[in-house]
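For reference, the structure is listed below as structure tokens.
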Amino acid sequence: MIVQSLLAEFEHEAENTRKLLSAIPDTALDYKPSEKNWTTGQLASHIAEVYNWFQPTLHENVMDMAAYKYDKGDISKAANIVAKFEENLKNARQALETATDESMFENWKMVAGSEDNVIFPEMPRVQVSRSFLFNHLYHHRGELVVYLRATGNKVPGLYGPTADGNM
């Protein structure tokens, strides 16, 4: 029941992510609001990459970010970022579909290099799925909406019509 519920939200929100990433024009990829921020391309790439974290989060007990190999791919074109998203989405869907309700109550944590260097504290996977995977994506999608607005681009409707009249 838990996995099926998460899967239903996953499918709905993946379509929203697809719409948002597909709305990025190549001309906006180098925009960043300040020196502290990522560029639009880097932010969009990160959103696509979060889908690559479903497998280690749902099927391993510890994710070691020191050993993780981030493959952002070619972010010089928005279409490349969408293609990477689609690739990672397929793997995320499979990871979620093969998870079990029982496994969602097993603990998981994220470390960097050693068990003592904890980045994300140990907690049940169901909680990690909501916060680290789902809410993390929603947070960065919100940032991306601001980037699109700041560059004068239209924002697709994710939860209804936008100020642009987009659905």
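Nothing in this text is a laboratory measurement; each read-out follows from the coordinates by a stated rule. These numbers were taken from a predicted model, which means no experiment stands behind them. Positions of Cβ are backbone-derived with ideal geometry, glycine not excepted, and every protein chain shown enters the neighbour counts.
Lysine pairs in the chain whose alpha-carbon atoms fall under 24 angstrom of each other, counting only those eight or more residues apart or on distinct chains, come to 24. How many angstrom separate the Cα center of the range 47-85 from the Cα center of the range 148-165? One Cα centre to the other: 26 Å.
Considering only the other residues whose Cβ falls under 14 Å of the Cβ of VAL118, what net charge follows from Lys and Arg at +1 and Asp and Glu at -1?
On the way: positive: LYS109; negative: ASP64, GLU115, ASP116, GLU122.
After counting each charged neighbour, the total is -3.
3J(HN,Hα) along the range 93-109: 4, 4, 4, 6, 5, 8, 6, 10, 4, 4, 5, 5, 9, 7, 7, 9, 8 Hz, from the Karplus curve 6.51 cos²θ - 1.76 cosθ + 1.60 with θ = phi - 60°, whole Hz, x for Gly and Pro. Sorting the Cα pairs of the range 2-150 by distance into bins of 5 Å, from 0 upward, gives 2, 9, 19, 21, 19, 15, 10, 4, 1, 0 percent per bin. Note on TRP38 and MET1: the model spin-label points, each 7 Å out from Cα along the C-beta direction, lie 3.6 nm apart. Sites counted here are GluC sites (Glu not before Pro) in a DSSP loop (not H, G, I, E or B) having no more than 15 other Cβ atoms within 10 Å; the longest part of the chain that contains none of them is 116-167. Computed from phi, the 3J(HN,Hα) profile of the range 16-30 under the Karplus parametrisation 6.51, -1.76, 1.60 (θ = phi - 60°) reads 5, 4, 4, 4, 5, 5, 6, 7, 7, x, 4, 5, 9, 4, 8 Hz, with x in place of Gly and Pro. Close amide-amide hydrogen proximity is noted between TRP108 and MET123, ARG125, each under 5 Å apart and 5 or more residues distant or on a separate chain (H modeled in the peptide plane; Pro and chain starts excluded). Here the residues MET123, MET167, ranked from fewest to most Cβ neighbours within 10 Å of their Cβ, fall in the order MET167, MET123.
A helix-only calculation puts the chain at -14500 deg cm²/dmol for mean residue ellipticity at 222 nm, using -39500 (n - 2.57) for each DSSP H run of at least four residues, averaged over all residues. Here the calculated FRET efficiency for ALA67 and GLN127, from their Cβ-Cβ distance with R0 = 25 Å, stands at 0.60, rounded to the nearest 0.05. Qualifying trypsin sites (Lys or Arg not before Pro) in the range 66-132, where qualification requires a DSSP coil assignment and no more than 10 other C-beta atoms within 10 Å, comprise LYS69. Between ASN135 and ARG18, the simple label model (points 7 Å from Cα in the Cβ direction) yields a spacing of 2.7 nm. The angle between the Cα long axis of helix 136-150 and the main principal axis of the chain comes to about 10°, on a 0 to 90 degree scale.
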